Amino acid sequence: NCRVQFTAQDIEFILEVLGTKIRTADCLVKLLADEESRDLILDDETLFHSLLERRGCLRISSRLYFYVLVRHVFKRSDINDRQVADYVAELLSAFSEARSSQCILPGQLNPLDYFFEMISALQTADDRTSFLIRMHIGNYSLFLSGVFPDRIRFRAEVRGFPDLKYYDQLGRTHYRIAGEHRLAQRYHMESVLMTLSERFQTTRRALNDMSDRLLSIGDPDYPLQNLFGPDKSNPQS
């Protein structure tokens, strides 16, 4: 949940941008603690434009960055559920680190790198692991097709690899099955997963637009880390 994991630097940034509307840091912290007020603050157009107009690295978390951008492009595509934007923003934040995008099954050291391996693993997986695999297939399908559509089109046209329709179908199917699982209900995720299933193509195209116009995550020569300042909570950064 991106909206409850913002850092002190995120709060400083929001206060800097919206200082005329929010008088003090203490006031901002109180407002962010209130769910309704927090969501209104994060929807402020000034905050969105500030993220795009700043030059150099941003001293904010990837969670704040992705949530504001995803929420903006989703609203333009009539995807108005904040929980869906929150889920996808957390997905982008996590998958921006290579290891987080890997499908590693419990008790195994080597990740499953390909979709056919993940689908094959479903044949022998237990109930919980099946749910996690289907979640990963949906997430990875959305990430690849949402952020790297040009690469998928090129590989499909030149090398005969699966095209975007394949990713749409794959993501839609596994999000739906995961959304019907008992664990989705237990963790109150069924609504988000079913929305992503029903509107997978719309969601993917919104991310295509974001990737093309708003950020450089799809550019292999421009690593995501260049967007952000050092993480003060991580002494190795």
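The values are calculated or read from the model by the stated rules, or taken from the named source; none is laboratory data. Model, not experiment: these values are computed from the prediction. All Cβ positions, glycine included, derive from the backbone under ideal geometry; neighbour counts span all protein chains shown. To get the accessible areas, we keep the full protein, side chains included, count just its heavy atoms, and leave off ligands, DNA and RNA. Shrake-Rupley method; radii C 1.70, N 1.55, O 1.52, S 1.80 Å.
Just a few scattered comments:
- For the range 120-215, the set of chymotrypsin sites (Phe, Trp or Tyr not before Pro) satisfying both a DSSP loop assignment and a count of at most 14 other C-beta atoms within 10 Å is given as TYR187.
- Restricting the chymotrypsin sites (Phe, Trp or Tyr not before Pro) of the range 82-119 to loop positions (DSSP other than H, G, I, E, B) with no more than 15 neighbouring Cβ atoms within 10 Å leaves TYR114.
- Phi-based couplings in Hz for the range 99-111 (Karplus 6.51, -1.76, 1.60; Gly and Pro marked x): 5, 5, 8, 7, 9, 10, 7, x, x, 10, 8, 8, x
- Rounded to the nearest 10 degrees, the inclination of helix 200-213 to the longest alpha-carbon principal axis of the chain is 50 degrees.
- Karplus-derived 3J(HN,Hα), 6.51/-1.76/1.60, for each residue of the range 162-179, Hz, glycine and proline x: x, 9, 5, 4, 4, 5, 4, 5, 4, x, 4, 5, 6, 5, 5, 5, 5, x
- Between amide H atoms placed 1.01 Å from N, distances below 5 Å from CYS103 occur with LEU112, all of them 5 or more places distant or on a separate chain.
- Residue-normalised convex hull volume from the C-alpha trace of the chain: 144 Å³ per residue.
- Computed from the C-beta positions of ARG128 and ARG153, the FRET efficiency with R₀ = 41 Å rounds to 0.70.
- Here the simple spin-label model places points 7 Å from the Cα toward Cβ, and for ILE119 and ASP163 these points are separated by 1.8 nm.
- Probe 1.4 Å, accessible area per residue of the chain, Å²: 55 Å²
- Point-to-point label distance, GLU180-ASP212, nm (Cα→Cβ direction, 7 Å offset): 3.4 nm
- Per-residue HN-Hα couplings for the range 123-129 [Karplus 6.51, -1.76, 1.60; θ = phi - 60°; Hz; x = Gly/Pro]: 5, 10, 6, 6, 4, 5, 5
- Neighbour cut-off at most 12 other Cβ (10 Å), DSSP loop, GluC sites (Glu not before Pro), the range 48-154: GLU97
- Comparing VAL17, VAL158, VAL88 in a Gaussian network model of the chain where C-alpha atoms under 10 Å apart are linked, the largest mean-square fluctuation is found at VAL158.
- With every protein chain in place, the chain: carbon and sulfur % of accessible area (1.4 Å): 48 percent
- Where labels lie 7 Å past Cα in the beta-carbon direction, separation of THR173 and HIS188 in nm: 3.2 nm
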